[in-house]
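The structure follows.
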Amino acid sequence: MLLKEQLISIGATFIFLLCGISTATAQVQIGPDFEESTSIRANAFMYVAGDTTSTIEYILENHNALSFKPMADYKTNYGFTEDQLWVKFDLENNTNEEFHAYLETARPITDVATLYLIDNIGEIIEQKSGDLIPFDEKTVRNRKSIFNIEIAPKQKITVFVHLKSDGEVLMLPLNLIDKETFLEATYKEQMFYGLFYGILFMAFLVYLFFYFGLRDIAFAYYSLYVFFIAMMQFSLDGFFHQYITPNGGWLSNHSVLLSALLSLLFFVKYGSEFLGIKKRNKILHYSYEGMCVTVLVAIGALVLFPSLLSASYPIANAIGLIVLVQTLTTLAYYRKKGISVDISFVMGISFLVFGFIVFILNNFNAVENSFFTDNGAKFGIGLEIMFLSISMSKRIRTLRMENDRNQLLALQRSEDMNEIKSSFISNISHELRTPLNLIMGVANSLDGHNEKTEIEEKSKLILNSSENLLGYINDILDFTIIEKGNQELKNWPFDLETSLKKVFSENQIKAEHKKLDFTYNLPSDLPKGIIGDRAKVIKIIEHLLDNAIKFTSSGTVSFSLSYKILEGKKLCLDFEVSDTGTGISKEKMSTVFEAFTKKSFLDKREFSGLGLGLYIVKTYVDLHNGDISVRRNKEGGTKFSVHLEMGYAPELDISKDGKDYRKEINLEGINILLVEDNKMNQQVIKLIVKKWKNAILTIANNGKEGLELLAQNDFDIVLMDLQMPVMDGFEAIAMIRGGMVSDEKTDIPIVVLTADSTEKTRKEIFRLGVNDYATKPISAEVVYKKVTNNLRKVI
């Protein structure tokens, strides 16, 4: 029987070769001028087999009898279908070199995509793709439907592609792409997708945390909507099959529909809650509830009745259109009734509607296929999330104002609530720092590309936004530490004048943006050997200047400083920050230094911020046993006066502070071991080290792997994360310093790079014997300084 089947296969192939030579009328000629990416649809033919499953042997044997039509007669978007399609084309290599390329076709979520390559002696080579098979069984392990094309010099081959879908939209691109071009395009896509999904995932976490903090159900619905809309795109792009269900199966085959329907469910719930439908119109409320029931029924049918899978795709798209129409109808009704709706919400919905209309119309084959229509949903989602996030931040402000109306002073917090709040804030800080580290690292890597001004502008926007967000995170962490009573002064010599001028330079730019006059007055003989907690002193001044500039619409912001040297090596600093802004009401004077009071309804200042700045300032002044007072200026505005007592040691030489060591340390041949489990953080360090000439970076994914590499190789320095699987950084550091790796390597410099900035962690790692540490997100300058400073000690 086996011999008989082989004879039939050989006979079918022979017949096809004879017929193919006489009937082929169009083929792709590959010459020296082959373009990096070429569509071969014009030279291809397609046979629509309907629901008939055929083998390649059957297709070859009955090739002439089957109705292969020019593929150009069909649109690239074939629409919702369960049809099985066979595509055929010829390729001929006219060059004297072997030809290598990739063939890209279908969508990443196409169930079956099989390529049969037939050479001039009739040998059939089969290649597999599609999300119904295990990812490891794909011939080319890529999320897309990609096949490997290799043609010997002067050789002609015939290619058949078999495509099968379960009812989803079937796309029919047929692009022959040079391998280098494909890899370059894939790298750019990964950067885009990393940023896109990173933003969505960060939004999901942030608003989920806000739900637990504020107990407003709208935040939970919005957070879940963002999560499932991200999962839908994750599935459509083929990442779900690649990373979550690599073995295929039911979940892989249903992930697009399930995530799409769940995102619609939570979008309806979020819209109903955010717009207060239940309180304003019962009919609209019942329509929203009915839509939720409809979505749940569709999900139940999808799970319970497998035969409905093919019909579920157009149904899900139709439900999506109905939901969008329902939302627009609600907004129109609100406008007619004069009910105020936040403009950011309207803008977000508008972008979502636009993006999804393009996406759904493309699915229904109502618009031509293009890059824009393929990615219309992504553009719409990205802009929608941005504007809806703005509207949600305004909701936070509204909730805060409502709370202030009910309670003029802050509620008395119990010890239990303090612990919960501190834990929540520490968690949100840690979760935000990891994606923020990637954003700042990528932006730093882009900022040096002078070829494109647009890249530089975007990099600066990312960096500025990241720095603002990091400032808020630091304020929250400072507040947490203050609430726990763990604050302490770190007294070290520092150059006050140099530090102040850096602060003034930054605030000068802020003032210029608002067209304010910014002046400062420093004594010409300001001492150099001041001893104190530089970070806290600078934080006091930064917060006061930032408030002054923020709350001043026109006029002047000024800073003046004086000092007095006392006996016993002490020094008194007195400085004032004055502005011509709106001032502070008398009712607020007594509470201005309390936490979360900036947005009290008694205060007419409606500006962004967390309301923690002056609370932190007062705490730091008290920590110095100093004094701070506030009063209204006669000409308008506010004046803050601060008195601090510092140490003084004129004999100390601190002139080397801030010196650029890059001229003294040569990094050529330096071996660096990075122990870090997070792939995003690994990429950040790679981008940084890439700019260091001839420095060598080796990466370990956990502490155990790091110890093994350290035992087998010679490294000059170790960059160590703390929170890792298998073996964390604390244990790895203890084993290195304890000689468990090698007696010769116990003194290797170790710099900790961590998202945990608590004082408890800092004390613990230094107790274990690390040389230095930095908190994420980290800049290239910080990493460079930490590495060079610690290498200096061993070189």
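Read-outs throughout are calculated quantities, based only on the coordinates presented, and are distinct from any laboratory measurement. The model shown is predicted, which means the values in this text are computed figures rather than measured ones. Cβ placement follows ideal geometry from the backbone for every residue including glycine, while neighbour counts extend to all protein chains displayed.
Hey, could you grab the Kirkwood Rh for region 661-792? Inverse mean 1/r over distinct alpha carbon pairs, Å, one decimal.
With all distinct Cα pairs of region 661-792 included, I get 14.6 Å.
What is the projected area of the convex hull of the Cα atoms of region 2-172, averaged over all directions, in nm²?
10.2 nm²
So for region 196-396, what percent of the C-alpha to C-alpha distances run longer than 32 Å?
The proportion of pairs with Cα distances above 32 Å equals 13 percent.
For the charge dipole of region 2-172, defined by +1 on Lys and Arg C-beta atoms and -1 on Asp and Glu C-beta atoms about the Cα centroid, which residue among SER37, VAL112, LEU172 has the Cα displaced farthest towards the positive pole?
LEU172
Would you mind getting me the FRET efficiency between ASP83 and GLU781? Use the beta-carbon distance for r and R0 = 60 Å, nearest 0.05.
Efficiency, rounded to the nearest 0.05: 0.55.
Please give, to one decimal in nm, the separation of the simple spin-label points placed at ASN625 and TYR193, each 7 Å out from Cα toward the Cβ.
Placing both labels 7 Å along Cα→Cβ, they lie 6.1 nm apart.
Still on this structure, please answer the following. Separation between the THR329 and LYS634 pseudo-spin-labels, each 7 Å from Cα along Cα→Cβ, expressed in nm?
Placing both labels 7 Å beyond Cα along the Cβ direction yields 6.6 nm.
Let me ask something else. Is there a quick way to get the dipole size of region 2-172? I mean about its Cα centre, with the Cβ of Lys and Arg at +1 and of Asp and Glu at -1; what is the value in debye to the nearest 20?
Its charge dipole is roughly 200 debye.
Points 7 angstrom from Cα along the Cβ direction at GLN712 and ASN148: gap in nanometres?
About 2.6 nm separates the two model spin labels.
Per residue of region 127-144, what does 6.51 cos²θ - 1.76 cosθ + 1.60 with θ = phi - 60° give for ³J(HN,Hα)? Whole Hz please, x for Gly and Pro, Karplus curve as stated.
My calculation for region 127-144 gives 10, 10, 7, x, 8, 8, 9, x, 4, 5, 8, 5, 4, 10, 6, 9, 4, 7 Hz in order.
Now for a different question. Measure up LYS69/LYS179; LYS279/LYS378; LYS501/LYS528; LYS490/LYS570 against 23 Å on the Cα-Cα distance and list the ones that go over.
Over 23 Å apart, Cα to Cα: LYS69/LYS179; LYS279/LYS378.
Taking only the alpha carbons of region 76-117, what extent do you get along each of the three principal axes, in Å, biggest first?
43, 18, 18
Efficiency by 1/(1 + (r/R0)^6): what FRET value for ASN175 and ASN96, r their Cβ-Cβ distance, R0 = 41 Å, to the nearest 0.05?
The computed FRET efficiency comes out at 0.95.
Using the Cα centre of region 661-792 as origin and beta-carbon charges of +1 (Lys, Arg) and -1 (Asp, Glu), tell me which of MET735, ASN681, ILE717 is placed farthest towards the positive end of the dipole.
ASN681
May I pose another question? By how many nm would the segment from LYS128 to ARG215 grow when fully extended, if each residue of separation counts as 0.36 nm and the alpha-carbon distance is taken off?
Full-extension gain reported as 26.4 nm.
Can you tell me the FRET efficiency between LEU296 and HIS513 if r is taken as the Cβ-Cβ distance and R0 is 51 Å, rounded to the nearest 0.05?
FRET efficiency, LEU296 to HIS513: 0.50.
Further, regarding this structure: Once phi is turned into θ = phi - 60°, what whole-Hz ³J(HN,Hα) does the Karplus curve with 6.51, -1.76 and 1.60 give for every residue of region 194-209, x standing for Gly and Pro?
Using θ = phi - 60°, the values come out as x, 5, 4, 6, x, 5, 5, 5, 5, 4, 4, 5, 4, 6, 5, 5 Hz.
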